[in-house]
Amino acid sequence: MLNKLLSSRFAARLNAFACILSISMLIPLRSPGQDSGNGKDTIGLPGAWSFQADRADEGLVSKWYRKKLGDQIKLPGSMTTNGKGDEIAVNTPWTGEIVDSSWFYQPQYAKYRQPGNIKVSFWLQPEKYYKGAAWYQRTITIPASWRDHPVELFIERAHWETQVFMDDVDLGKQNSLSAPHLYMLPASLKPGIHVLTIRVDNRIKDVNVGINSHSISDHTQGNWNGMIGKLYLRRYPKTYISGIQLFPDIYQKLVRARVMINGAPDDLNTATLSLGAALITGQKESLTLISKKIKRRSGCDTVEITYPMGTHPNLWSEFHPSLYKMNVEISSNSGKQSSEVIFGMRDFSEKGTQFTINGHVTFLRGTLDCAAFPLTGYPPTDVASWMRILKTCKSFGLNHIRFHSWCPPDAAFEAADRVGMYLQIECASWANSGASIGDGNPLDRYLYDESNRIVQNYGNHPSFCMMVYGNEPAGDHLTEYLTGFVKYWQAKDNRRLYSTASGWPIIPEADYNSSSNPRIQHWGEGLKSIINSQKPSTNYDWSDVISKWQHPTVSHEIGQWCVYPDFKEIAQYTGILKAKNFEIFRDQLKGNGLGAYAEDFFKA
């Protein structure tokens, strides 16, 4: 938002400083984790895949899934982490709004526009860049013991749209930016060798979430093409658990479990569903194992069971992040299958104009995560990396993180569960700058679908406390649309609080407000702002601003400060995103003859 107010050639560079520098110390130091896929029920798919970029967009018409692809790539990963793509050029088709276009024509940038010396000023620069379709392929062997069983392909995070082919059978498309892509293999698939082909397309096509959305934009993580995290095939029994949602009630000392059961129509038999909880952290209390006989009536059934949590369940909060593990097992004539779910007994709510945790008033001390990960260009999917990030935040006294127009992988939730962090999740959209909501575009439907995918996959995490559609929306009917969105989720799932968007609009139906009104510097105030016209203080009083509202208020993006970077950091960008913009700014400082004042900048 800052660069919208600046008309000079510094607009783009200052915007980059504000986003990058605030997050640079949180860069993960290790590669994201991988799922080995070991075990009789799983086949891991990390490693070497055949590969081919589809620059002419001819792969579907030419049926590339029927041919052997000519290149190689390693997954999990992206094209860029594998050195695939095109050299950066003046005409690179970036994804993201470039408000200040002076880099493209001003003489002082001429030498940075020359082939072999391309350095862009507006954001971190990837080593390679590619936007379009790309194909990934490998052979798999289905064991004889998997015959007549449901088999699922699990892709933890793809960017963005996937289309999967098993041999020459098209299994369909998926386009989630926030949740795993799941495909069921054909029921008729026979044991033996098969060819799995996945087409990944990172262009904005059917759904425009907004070019500045941190889920896709080159402003932050970059618009990468690939698949990361866990990647495997999994065999299920004919009757199996396809989903578990746990709804804790700390006042009734119980959990309402909603278990989704899938299976073949020819396996509609009686099954036994068993639940058993155990405390992972905190003072333990013996909990019972309960079982329920169920009669399957269709291919997909939902069973609800109330599970007692004892007389003194341990409560989860930032101060005492006590966690439980619920083991859910189904047993039928076709075999057994069990799933484990980590959850916490907590109630994150609002009372008047304040937030509460387990009935006690709390105060959010938060920061912003914009999905900036310069080493890889995409978020880590291992818990260790996220533990480092969140412990760093915690060490500064923070208890809250807002994920700006994106949703992190499951590992981030697990780490937040462990350290005690209250998360606000956004549904991968910043519907502005060419995108809008409430106007009948495909994005309207997508946001409902994406929010459901997010809750289905991460809704059991106690750290998942707040959710909004996304950031600063545009649209002629956005208030009406977002009022419906908030009401929909309030009626469907009471485990968290809901509001419209980060920034605006404020509606009476929301559980809380997100507003830029209570802040020490507003857009365009310059030297007249509170921070620039008054002495430093810690006793700001926002009563006049928030007294007209009946809900808790979170101040929206209260600090975006423009500074030159520490050029010693340039050497730390050892991954696929390089600080070429820093190099431009360093050159400009040297050229401005700042002398001894700037010497410290250049000692690196």
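The values are calculated or read from the model by the stated rules, or taken from the named source; none is laboratory data. These figures come from a predicted structure and were not determined experimentally. Don't worry about glycine lacking a Cβ; one is built from the backbone with ideal geometry, like all the others, and counts go over all protein chains shown. Ligands, DNA and RNA are stripped out before the accessible areas are found, and what is left, the full protein with its side chains, is counted by its heavy atoms. Shrake-Rupley method; radii C 1.70, N 1.55, O 1.52, S 1.80 Å.
From the C-alpha coordinates alone, can you work out the Kirkwood hydrodynamic radius of the range 87-232, in Å?
17.7 Å
For the range 253-314, treating each Cα as an identical point scatterer without solvent, what Debye log10 I(q)/I(0) comes out at q = 0.16, 0.17, 0.19, 0.25 1/Å?
One equal scatterer on each Cα of the range 253-314 leads to -0.60, -0.65, -0.74, -1.02.
What dipole magnitude, in Debye to the nearest 20, does the chain give about its Cα centre under +1 on Lys/Arg Cβ and -1 on Asp/Glu Cβ?
1120 debye
If you find the alpha carbon centre of the range 480-556 and of the range 61-131, how far apart are they in angstrom?
38 Å
Taking a probe of 1.4 Å, how large is the accessible area per residue of the chain, in Å²?
In whole numbers, the chain has 43 Å² accessible per residue.
Which value, in debye to the nearest 20, describes the size of the charge dipole of the range 350-403 about its Cα centre when Lys and Arg Cβ atoms bear +1, Asp and Glu Cβ atoms bear -1, and nothing else is charged?
Computed charge dipole of the range 350-403: roughly 160 debye.
Take every DSSP beta bridge with both residues inside the chain and express the antiparallel ones as a percent of the total, to the nearest 5.
Once the DSSP bridges in the chain are tallied, antiparallel ones form about 85 percent.
What does the C-alpha gyration tensor say about the overall shape of the range 393-507? Classify as rounded when a/c is under 1.5, otherwise prolate if a/b is larger than b/c, or oblate.
Since a/c reaches 1.5 and a/b is larger than b/c, the shape of the range 393-507 is classed as prolate.
Given the chain, what whole percent of its Cα pairs are spread farther than 39 Å?
33 percent
Lysine pairs in the range 176-306 8 or more apart or on different chains: how many have alpha carbons under 23 angstrom apart?
6
Provide the FRET efficiency to the nearest 0.05 for the R297-S543 pair, computing r from the beta carbons and using R0 = 60 Å.
Efficiency at R0 = 60 Å is approximately 0.55.
Restricting to DSSP loop positions (anything but H, G, I, E, B) with no more than 13 other Cβ atoms inside 10 Å of their own Cβ, which trypsin sites (Lys or Arg not before Pro) remain in the range 393-453?
Taking the range 393-453 and a limit of 13 other Cβ atoms within 10 Å, no loop trypsin sites (Lys or Arg not before Pro) are found.
Counting only protein heavy atoms and a 1.4 Å probe, tell me what percentage of the chain's accessible area is made up of carbon and sulfur.
50 percent
How do the peptides 77-84, 537-544, 338-345 rank, highest first, by the average count of neighbouring beta carbon atoms within 10 Å per residue?
The most tightly packed comes first, giving 77-84, 338-345, 537-544.
Given the Cα-Cα distance of W523 and V169 and 0.36 nm per residue of separation, how much length would full extension add, in nm?
Going from the current span to full extension adds 122.1 nm.
Given Cα pairs under 8 Å that are at least 6 residues apart, what percent is the relative contact order of the range 263-318?
39 percent
Let me know the Rg and Dmax you get for the range 206-298 when you use only its Cα atoms, in Å.
Every Cα atom of the range 206-298 included, Rg and Dmax give 20.7, 54 Å.
Over every pair of different alpha-carbon atoms in the range 116-173, take the mean of 1/r and invert it; report that Kirkwood radius in Å.
That comes to 15.7 Å for the range 116-173.
Set the Förster distance to 22 Å, then compute FRET efficiency between F396 and H320 from the Cβ-Cβ distance, nearest 0.05.
Efficiency, from the Cβ-Cβ distance: 0.65.
Would you mind pulling out the separation of the Cα centroids of the range 368-426 and the range 299-336, in Å?
25 Å
Give me the mean projected area, in nm² to one decimal, of the convex hull enclosing the Cα positions of the range 61-137.
So the Cα hull casts an average projection of 6.9 nm².
What number in nm² do you get for the range 502-543 if you take the convex hull of its Cα atoms and divide its surface by four?
Averaged projected hull area, Cα only: 3.9 nm².
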